[in-house]
Amino acid sequence: MPATRPATTIAPVAVVGGGLAGITAALALAEAGCPVTLYEARPRLGGAAHSFQRGGLTVDNGQHVFLRCCTAYRGLLDRLGGTALVSLQNRFDVRVLGGAGRSGRLRRASLPGPLHFVPALAGYRLLGPGDRIQALRGSLALSRLDPADPVLDTMTFGSWLAAHGQGAPVRQALWDLLAVAALNTGVEEVALGPAVKVFKTALLGRPDAADLGIPLVPLGRLHDTAAQEAIARRGGVVRLSAKVTAIEPDAVIVDGVRTKASAVVVATRHEQAATLVPAGAAPGRDAWSALDASPIINVHALYDRPVMRMPFVAVTGSPVQWVFDKTRVAGLGKGQYLAVSVSVADTWIDRPTADIRAAFVPELRSVFPAAREARLTDFFVTRERRATFRQAPGSGALRPHGATRWPGLYLAGAWTDTGWPDTMEGAVRSGLHAARLVRHHVRHQESAS
Ligand SMILES: Cc1cc2nc3c(=O)[nH]c(=O)nc-3n(C[C@H](O)[C@H](O)[C@H](O)COP(=O)(O)OP(=O)(O)OC[C@H]3O[C@@H](n4cnc5c(N)ncnc54)[C@H](O)[C@@H]3O)c2cc1C
């Protein structure tokens, strides 16, 4: 008679925080047959990438995009049934509006990387011929750097660009345009390491790496309800509005109640992790606050008629950075709904909506001439003060690994040492890594008992 496996008696693993890192960790553990409970303080999953209802519309807290090279995030989407709910370009192609009616297009060629980027730059009309050569030289020099080299964590991308002859036009129309959106830290402030990671992986690596992915449904549908169902289907438990206030060696305290846990994954942002993780478990904990935070705002402008013909555009030389057509995603029946995503929004984050409206509505009229004739039917702003950590020099050294000094206590989150910037891809990678560490720990515990 085949030996039957004894029913597992270990306490569920506690995953603290239901952003993409926590969702990924909980799902991976549930899929591996490991009992798991995901605790999320808010009444929904999704963390920094979520949606809410506003007057009949479903509004994303902030536009999120991903790239084809975000393989871990795409893997999560697949497991959540979300692959058909996003559009992924079959060739990186971005329209860039440069003011005064000038426009350019960054479109990759079907050549092996990094040559695919050469025709894109060569045909980029927002740069003059000399600037394009400068940009190509810069790209070549950048492709020789190793993002994991600790030296790159000691200097800014801006200082490197200056040292490599990248003048103001190239910086504005190329490096700023892409780096600010990808890193949410200004070029003068961002560390060289993450900038190299982004450009090497996305634009100078595999030819299809930078093809852009955009959700076709609200983020809440991609990340919240789908994740709750997927985790529950595999036997995991999701507890919403459940705040973890303390962690003990074999338990978590949830809203004042002690609950046993065979292992704990702290998948919150660094600010909350610094209060939850005991000092002895992570000696670097008190320095995590130096990772700081960088804001993003989204400016939502609704018109009575279509004013932008493309699904999205990038804009240079204007406070308007990237504009997305959210009409269908949000469920607007008539007119057009534009979301302007503004990264590194330090100058806007504390300004009243009236000031932001006074600045952005005329800018949108200048970028989209059709907006001059259209009636603005609604205008509002979503603000994410602590959207990502600030990826400044020294931040790389502060990002902790998934394991702590306490056996059974692990860290996840886009701010941990993932090798990626603070992105959905980084969050998912950290969750997968934490789940691997937990499984190893649980196996060890089981074999010892
Ligand atoms: C406006 C905006 C735009 C962005 N755009 C992009 C983009 O285009 N592409 C991209 O890749 N990335 C983008 N990002 C970054 C991306 O959203 C994050 O990197 C990623 O979602 C972080 O996931 P996370 O799981 O690490 O953390 P979080 O999403 O912050 O999740 C942490 C969770 O922990 C919960 N929590 C905290 N404390 C407790 C507690 N004590 N008990 C229980 N739960 C707790 C929180 O409520 C939260 O849900 C953007 C972010 C913002 C805000």
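Go ahead and set up a Gaussian network model of the chain, Cα springs under 10 Å, then flag whichever of Thr259, Thr185, Thr201 fluctuates most.
Comparing Thr259, Thr185, Thr201 in a Gaussian network model of the chain, the most mobile one is Thr259.
Once the dipole of region 110-202 is set up with Lys and Arg at +1 and Asp and Glu at -1 on Cβ about the Cα centre, which of Met155, Val170, Gly128 lies farthest towards its positive end?
Result: Gly128.
Leaving out ligands, DNA and RNA, and with a 1.4 Å probe, what % of the accessible surface on the chain is carbon or sulfur?
Ligands and nucleic acids excluded, carbon and sulfur reach 55 percent.
Can you give the Rg/Rh ratio of region 317-367, where Rg is from the C-alpha atoms and Rh is the Kirkwood radius?
Using only Cα positions, Rg/Rh for region 317-367 is 0.99.
If you count only protein heavy atoms with a 1.4 Å probe, what accessible area per residue comes out for the chain, rounded to a whole Å²?
I get 43 Å² per residue for the chain.
Looking at the chain, send over the antiparallel percent of its DSSP beta bridges, to the nearest 5.
75
Please report the orientation-averaged projected area of region 1-100, defined via the convex hull of its C-alpha atoms, in nm².
Averaged projected area of region 1-100's Cα convex hull equals 12.0 nm².
If exposed GluC sites (Glu not before Pro) are those in a DSSP loop with at most 15 other Cβ within 10 Å, what is the longest stretch of the chain that has none?
Free of exposed loop sites, the longest segment is 1-187.
Mind pulling the angle between the C-alpha long axis of helix 129-143 and the longest principal axis of the chain? Nearest 10 degrees, somewhere in 0 to 90.
So the inclination is approximately 20 degrees.
In a Debye calculation with equal point scatterers on the alpha-carbon sites of region 294-388 and no solvent, what is log10 I(q)/I(0) at q = 0.25 Å⁻¹?
Values, matching the q order: -1.42.
How large is the convex hull of the C-alpha atoms of region 110-202 per residue, in Å³?
It comes to 89 Å³ per residue, whole-number rounded.
List the lysines whose Cα lies under 23 Å from the Cα of Lys334, skipping any in the same chain that are fewer than 8 positions away.
Those lysines meeting the cut-off are Lys326.
Could you sort Val198, Val190, Val257 by accessible area so the largest value comes first, with the probe set to 1.4 Å?
These residues rank, largest area first, as Val257, Val198, Val190.
Using only the Cα atoms of region 140-245, what are the Rg and Dmax in Å?
Just the Cα atoms of region 140-245 yield Rg and Dmax of 19.3, 57 Å.
Expressed as an acute angle from 0 to 90° and rounded to the nearest 10, what is the orientation of the C-alpha long axis of helix 192-202 relative to the principal long axis of the chain?
Helix 192-202 sits roughly 80 degrees off the main axis of the chain.
Averaging over every viewing direction, what projected area does the convex hull of the Cα atoms of the chain cover, in nm²?
Dividing the Cα hull surface by four gives the mean projection, 23.6 nm².
The values are calculated or read from the model by the stated rules, or taken from the named source; none is laboratory data. Since we're looking at a predicted model, the values are computed, not measured. Note that we place each Cβ from the backbone using ideal geometry, even for glycine, and neighbour counts take in every protein chain shown. Only protein heavy atoms, including side chains, enter the accessible area calculation; ligands, DNA and RNA are left aside. Shrake-Rupley method; radii C 1.70, N 1.55, O 1.52, S 1.80 Å.
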